[in-house]
Amino acid sequence: MEDTTKSVKLVTVSGPPSVGKTAVILRAAEHLRRGGARLGVVKFDCLATDDDQVYERHGIPVRKGLSGALCPDHYFVSNIEEVVRWGQSEDLDVLFSESAGLCNRCSPYIEDVKAVCVIDNLAGVTAPKKIGPMLRSADLVVITKGDIVSQAEREVFARAVARANPKAKVMHVNGITGQGSSELATLLAGAEETETVVGKKLRFSMPAALCSYCLGETRIGEDYQQGNVRKIDLAPKERPTKPGRAEVAP
C-alpha cells in the first residue's frame, strides 16, 4: 500500500527571552504565504504566553504548550513528535516550533531539521561566546534590533556571532519594518521535509538535571541535596610569587 503520510517542513526557532522570535516568524510568514505556503506555529513557553493570540490575529493556525515547572527544553523534546503530527493533520507546508526564552545552555535542535537562533544586538558583544548549543549548532542566526545600535556595533556583534558559529548563515532581520525577512523566508522555504522525528537525534545533549530540587524539594542544605549536584569550587587561590630582585655582584 502506498504511504500517504504528509511531510512538513519543520523549522525550530529559539533564542533568549524578548529578542523578537515571534516578530521574525511573522515577517517570514508574510513572504511564505504569498508564495502559497500553508503554515502554522506551535509556541512553547514556561508559565504564560499571549503569542498564540498574535498568530491567531494573523490567521495562522497555532497551538501553545506551557512547561510549567519543567525545563521548557525537555518539555519541547517530549512533545515534538505530537507537534509534527498536528502539523500533518492541519495539512501544513511549513510548521514553526517557537521555543520559550531559553537559557544559554539549552539544546533545542534536531538533526536534519532547520534550526534558527534569534539573538538581538542589545545582548552585548560578549553574549555570543556565552551561549552554548542554542547558538553554536544553529543553521541560521538571525540578529534583531539592529536599528537601535550603530553600524559599527552591528558589524562587531555579527563578527562575534560568526566566531561562535562559523558554519551558520548570519543575517539581520528587523521585526518592525520587515527588512531582511524576504531572504530569511527564501532560506526557510528550502528546508528539508520531515515526515517524523521519531528516531532522530538532538544535535547536542540536553542540560543535565535530576536532583532533589527537580523533584520538588525546597529546603536548603547538603542534607537535602541528592542526585545530580555540582558544587562550586571556593578554595583559596594560590597567589603568584613575585620574583625577587637580582643581587648585583660587588
What percent do you get for the relative contact order of the chain when only Cα pairs under 8 Å and 6+ apart count? 25
I need the trypsin sites (Lys or Arg not before Pro) found in the stretch 131-188, filtered to DSSP loop residues with at most 12 other beta carbons within 10 Å of theirs. Lys167
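In deg cm²/dmol and to the nearest 500, what is the mean residue ellipticity at 222 nm of the chain if only DSSP H runs of at least 4 residues count, each as -39500 (n - 2.57), divided by the residue total? Each step should come with its number before you reach the end.
Numbers: 7 runs with 70 residues, N = 250.
That comes out to -8000 deg cm²/dmol.
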With every protein chain in place, the stretch 68-121: carbon and sulfur % of accessible area (1.4 Å): 49
Out of Val41, Thr12, Thr177, whose Cα points farthest toward the positive end of the dipole of the chain (charges: +1 Lys, Arg; -1 Asp, Glu; placed on Cβ)? Thr177
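Multiply the residue separation of Val156 and Cys214 by 0.36 nm, subtract the distance between their alpha-carbon atoms, and state the gained length in nm to one decimal. Numbers along the way, then the final one.
On the way: separation 58, 0.36 × 58 = 20.88 nm, distance 3.93 nm.
Full extension of this stretch gives 17.0 nm more.
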Looking only at aspartates and glutamates whose Cα falls under 20 Å of Lys237's and that sit 8 or more positions away or on another chain, we get none
When the chain is fully extended, how far beyond the present Cα-Cα distance does Val149 get from Arg63, taking 0.36 nm per residue of separation? 27.5 nm
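Could you give the dipole magnitude of the stretch 56-134 about its Cα centre, charging the beta-carbon of Lys and Arg +1 and that of Asp and Glu -1, in debye to the nearest 20? Please list the in-between numbers first.
Details: 8 positive and 11 negative charges, 91 e Å.
Taking the Cα centre of the stretch 56-134 as origin, the dipole is about 440 debye.
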Which loop-located trypsin sites (Lys or Arg not before Pro) does the stretch 85-117 contain, where loop means any DSSP state but H, G, I, E or B and the Cβ has at most 16 other Cβ atoms within 10 Å? Arg105
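How big is the charge dipole of the chain about its Cα centre, in debye rounded to the nearest 20, if each Lys and Arg gets +1 on its Cβ and each Asp and Glu gets -1 on its Cβ?
On the way: 33 positive and 32 negative charges, 220 e Å.
Result for the chain is approximately 1060 debye, rounded to the nearest 20.
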DSSP bridge pairs, the chain: antiparallel proportion in percent, nearest 5: 10
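So which of Lys43/Lys167; Lys114/Lys201; Lys9/Lys201; Lys129/Lys231; Lys64/Lys145 end up more than 22 Å apart, counting from Cα to Cα?
On the way: Lys43/Lys167 27 Å; Lys114/Lys201 13 Å; Lys9/Lys201 17 Å; Lys129/Lys231 24 Å; Lys64/Lys145 26 Å.
Too far apart for the 22 Å limit: Lys43/Lys167; Lys129/Lys231; Lys64/Lys145.
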Run the dipole for the stretch 81-214 about the Cα centre, Lys and Arg Cβ at +1, Asp and Glu Cβ at -1, nothing else charged, and hand back the magnitude in debye, nearest 20. 920
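Counting other Cβ atoms within 10 Å of each Cβ, which chymotrypsin sites (Phe, Trp or Tyr not before Pro) in the stretch 147-220 have at most 10 and sit in a DSSP loop?
Passing sites in the stretch 147-220 do not exist.
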Averaged per residue, what accessible area in Å² does the chain show with a 1.4 Å probe, protein chains only? 59
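Could you tell me what fraction of 2.2 N^0.38 Å the Cα radius of gyration of the stretch 114-250 comes to, as a two-decimal ratio? Write out the running numbers ahead of the final one.
Values: Rg = 23.7 Å, N = 137, 2.2 N^0.38 = 14.3 Å.
Dividing the Cα Rg of the stretch 114-250 by 2.2 N^0.38 Å gives 1.66.
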What distance in nm separates the simple spin-label points at Arg38 and Thr196, each placed 7 Å from Cα in the Cβ direction? 2.3
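Could you give the length gained on full extension between Ala189 and Lys167, defined as 0.36 nm per residue of separation minus the Cα-Cα distance, in nm?
Numbers: separation 22, 0.36 × 22 = 7.92 nm, distance 1.94 nm.
Full extension of this stretch gives 6.0 nm more.
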Neighbourhood charge, 14 Å Cβ-Cβ cut-off, centred on Ala158 and excluding it, Lys, Arg +1 and Asp, Glu -1: +3
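Just to confirm a number: summing +1 for Lys and Arg and -1 for Asp and Glu over residues other than Cys71 whose beta-carbon lies under 14 angstrom from that of Cys71, what do you get?
On the way: positive: Arg105; negative: Asp45, Asp73.
Surrounding charge for Cys71 is -1.
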Say each of Gln225 and Gln53 gets a label point 7 Å from the Cα, pointing the same way as Cα to Cβ; how far apart are those two points in nm? 4.2
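The values are calculated or read from the model by the stated rules, or taken from the named source; none is laboratory data. Since the model is a prediction, treat every value here as computed from it, not as a measurement. Note that we place each Cβ from the backbone using ideal geometry, even for glycine, and neighbour counts take in every protein chain shown. The protein model used for the area step is the full one, side chains on, heavy atoms only, and it has no ligands, DNA or RNA in it. Shrake-Rupley method; radii C 1.70, N 1.55, O 1.52, S 1.80 Å.
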